[in-house]
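The values are calculated or read from the model by the stated rules, or taken from the named source; none is laboratory data. Keep in mind that what you see is a predicted model, and the values were worked out from it rather than measured. Glycine also receives a Cβ, built like all others from the backbone with ideal geometry; neighbour counts cover every protein chain displayed. With ligands, DNA and RNA removed, areas are computed over all heavy atoms of the protein, side chains included. Shrake-Rupley method; radii C 1.70, N 1.55, O 1.52, S 1.80 Å.
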Amino acid sequence: MAPICIKTVLISESVDPRCRAILEENGIRVTEKQNMKKEELIAEIKDYDGLVVRSATKVTADVINAADNLKIIGRAGTGVDNVDVDAATKKGIIVMNTPSGNTISAAELTCALLMSLSRNVPQATMSMKQGNWDRKKFMGAELYGKVLGIVGLGRIGKEVATRMQAFGMRTIGYDPITPPEVSASWGVEQMSLEKLWPQCDYITVHTPLMPSTVGLLNDETFAKCKTGVKVVNCARGGIIDEEALLRALESGQCGGAGLDVFIEEPPKNRSLVNHPNVISCPHLGASTKEAQARCGEDIALQIVDMVNCKNLVGAVSLNPDATGKQPSGNVEAVADGRSYKASGSVQGGVPILLELSGSVFRQPVSLTGNLLFLQASADPQLLPSVAGALASEGVRIESFSAPVDHTGDVWYCVGLSSLLQDLNVLKPLVKNVAQLSI
Ligand SMILES: O=C(O)[C@H](O)COP(=O)(O)O
């Protein structure tokens, strides 16, 4: 991979000091400016090659289009929903995150909210501070023997499950990618959401915010839950529909909510925050010394590695033109009388696929390991169906790359734990399928 020149980086939020130190040790000039308004950021960003953010900086298309020199947006944390990744990709700006640095902290806060909900700890504390000694009002219920539904069984969902099992909770869950055998190995029985809702005493969500997860808990799904179900959202505001949650709290259908995240942060509408059965935090999931140290250090090292032509760890977007000089190429392959066009490059010695027959991958695909290429019409049900078919053959999904544009027949690339014995199991689900081991 040819060098990417990063001489100046703007850090626009409170990021661990190790981030700045590592960048400066590697000859990069760093400016820290927090709480900038959109116009200030648009004016400021022109001067920088790199931008490091957390979740508060809204890196919109306007900001990206004003960023004449920007080559990288580093997210010291997991969620990149505050970054317009498509606009960055179109402009050749790489977006990177640090996907694992705050897993434990987010899981621990989720567990803290679950425990606080069961015993009214914050409400009792407030009452004590007001000079009261009210032992009747704060009657709780044990977590022992209760059912916890975990929607989203990625890194954080898994850590929540294993911790809450220590309290004797039964953990059930749903995830379209993690195969049921894998979650079963850490004690989570998977089932459809339809089966999950009515069984849960508590529900916690650990998905990204995307069209298929907006309002996952809404009037209709709350109605399918047990009366008095308690819910926790330490993932993203909007996965639980806020108005539906308020209605469910008022009717008693929902017995309590622990919220670390909101659609608008800070929330102007305080109805949920002020509800007596809601306990809340100002997006503190990753706010621990340990998580911040990991994320700050990881993002700085990833940027330095990129400058030094090493791997693109944590890249969530890469445009073929991002580096200008990187070796890139196009190939045309003919199979079964059809022609397939692919373009890519080589980064850190690893071949990278950027585009396959018109599908530009949102995440650059490292051409290593066992890979499955699927062409299918864009459908949110595709991934769960493919995951199910693979699981029935004992094959796990290890990575998934979707195209930027989701219209018509598009290509997906799936990293597999092993190659499939027989591709025919996928044929009813897709238009074209091929696999290779590299
Ligand atoms: O996506 C994340 O990493 C968490 O929500 C934490 O966000 P923060 O870095 O803004 O605290």
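In this structure Glu40 has an accessible area near 90 Å², from a 1.4 Å probe over the protein heavy atoms.
Taking every alpha-carbon pair in the chain and binning the separations at 20 Å intervals from zero gives 24, 53, 22, 1, 0 percent. Can you give the FRET efficiency to the nearest 0.05 for Ser437 and Glu181, using r as the Cβ-Cβ distance and R₀ = 30 Å? The pair Ser437/Glu181 has a calculated efficiency of 0.85. The heavy atoms of His283 offer some 50 square angstrom of accessible surface to a 1.4 angstrom probe. Residues in region 274-284 carry Karplus couplings, in order, of 7, 5, x, 9, 10, 10, 8, 9, x, 6, 9 Hz; the curve used is 6.51 cos²θ - 1.76 cosθ + 1.60 with θ = phi - 60°, and Gly or Pro positions show x.
Result for the chain in a Gaussian network model with C-alpha springs under 10 Å: among Met96, Met128, Met169, the largest mean-square fluctuation is at Met128.
The mean accessible area for residues of the chain, using a 1.4 Å probe and ignoring ligands and nucleic acids, is 46 Å² per residue.
Cross-link partners for Lys224 among the lysines, with Cα-Cα distance under 21 Å and sequence neighbours closer than 8 places in the same chain left out: Lys146, Lys195. Taking the accessible area of region 102-280, probe 1.4 Å, and keeping the other protein chains in place, the carbon and sulfur fraction comes to 55%. The long axis of helix 242-251 is offset from the longest Cα principal axis of the chain by roughly 20 degrees.
In this structure, the pairs whose alpha-carbon distance is over 25 Å, taken from Lys129/Lys289; Lys91/Lys341; Lys158/Lys268; Lys71/Lys431, are Lys129/Lys289; Lys158/Lys268; Lys71/Lys431.
Helix-only arithmetic for the chain: the sum of -39500 (n - 2.57) across DSSP H runs with n ≥ 4, divided by the residue total, places the mean residue ellipticity at 222 nm at -8000 deg cm²/dmol.
Taking Tyr412, Tyr340 and ordering them by how much accessible surface each has at a 1.4 Å probe, largest first, produces Tyr340, Tyr412. Note on the chain: GNM, Cα springs under 10 Å; of Thr98, Thr31, Thr407, the largest mean-square fluctuation is that of Thr407. Taking only Cα atoms, what is the 0 to 90° angle, nearest 10, from helix 155-165's long axis to the longest principal axis of the chain? Helix 155-165 and the main axis of the chain meet at about 30 degrees.
Computed over the chain with a Gaussian network model linking Cα atoms closer than 10 Å, the most mobile of Ser105, Ser116, Ser127 is Ser127. When Ile438, Ile240 are compared by accessible surface with a 1.4 Å probe, the order from highest to lowest is Ile438, Ile240. Spin-label pair Asn35-Ala61: with each label point 7 Å from Cα along the Cα-Cβ axis, the two points sit 3.1 nm from one another. Between the helical axis of 289-307 and the longest alpha-carbon principal axis of the chain there is an angle of about 10 degrees. Calculated FRET efficiency, Ser212 to Trp133, Cβ-Cβ distance, R0 = 56 Å: about 0.70 to the nearest 0.05.
Largest first, the residues Ser366, Ser345 sort by 1.4 Å accessible area into Ser366, Ser345. Rolled with a 1.4 Å probe across the full set of protein chains, the surface gives Glu32 an accessible area near 70 Å².
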